[in-house]
Amino acid sequence: MTVPTRTRRRVPLLLPVLAGVVIVVDQATKTWALHHFSERPRHLFWTLRLAVTFNSGAAFSIGRGVTPLFVAAAVIMVVVLAVAGHRDRTLVGAAALGLVLGGALGNLVDRVVRHHGG
């Protein structure tokens with residue numbers, strides 16, 4: 001299937017723009033949560049309870065204390081996603097890679113900038 005010329009020109013811009021939006025939303029919601037829920041959990045509605053927790057490792061706190069290893073892995077993942085995004089010229093592919101790249105960059109920012117140990 002042939003992509004129209006106008007769409008083909010916009011596809012390379014979609015990945016960085018979408019990744020940037022994901023990073024901004026990710027960091028804004030984390031900052032909001034830290035300011036509103038860090039002292040105690042809050043109940044919203046009748047069954048939803050929100051609380052801030054910190055994880056110094058990966059999933060389920062596996063790998064505590066090896067933050068530099070996770071930072072290195074995240075940098076490699078960002079490079080791989082950026083290269084894949086540069087090669088993929090489809091609209092759906094650029095959108096998917098933009099979302100994943102934004103998430104990876106958001107996690108990298110958390111590990112490097114926020115001082116929670118992960």
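No value in this document is a laboratory result; all are computed from the given coordinates. Predicted model, so just to flag it, every value in this text is computed and none were measured. We place every Cβ from the backbone using ideal geometry, glycine too, and count neighbours over all the protein chains shown.
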If each of F54 and T31 carries a label point 7 Å out from its Cα toward its Cβ, how far apart are those two points in nm? 1.9
Percent RCO, i.e. relative contact order, over segment 31-79, from Cα pairs under 8 Å lying at least 6 residues apart: 20
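Can you give the FRET efficiency to the nearest 0.05 for R64 and E39, using r as the Cβ-Cβ distance and R₀ = 25 Å? Could you put the intermediate results ahead of the total?
Numbers: r = 24 Å, r/R0 = 0.98.
FRET efficiency, R64 to E39: 0.55.
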State log₁₀ I(q)/I(0) for segment 10-97 at q = 0.21, 0.22, 0.24 Å⁻¹ as given by the Debye formula over alpha-carbon point scatterers of equal weight, solvent excluded. -1.04, -1.06, -1.11
Packing-based order for 93-105, 70-82, 28-40, using average beta carbon neighbours within 10 Å, highest first: 93-105, 70-82, 28-40
What are the ³J(HN,Hα) values, in whole Hz, obtained from phi via the Karplus relation 6.51 cos²θ - 1.76 cosθ + 1.60 with θ = phi - 60°, for each residue of segment 26-31 in sequence order, with x given for Gly and Pro? 4, 5, 5, 5, 5, 5
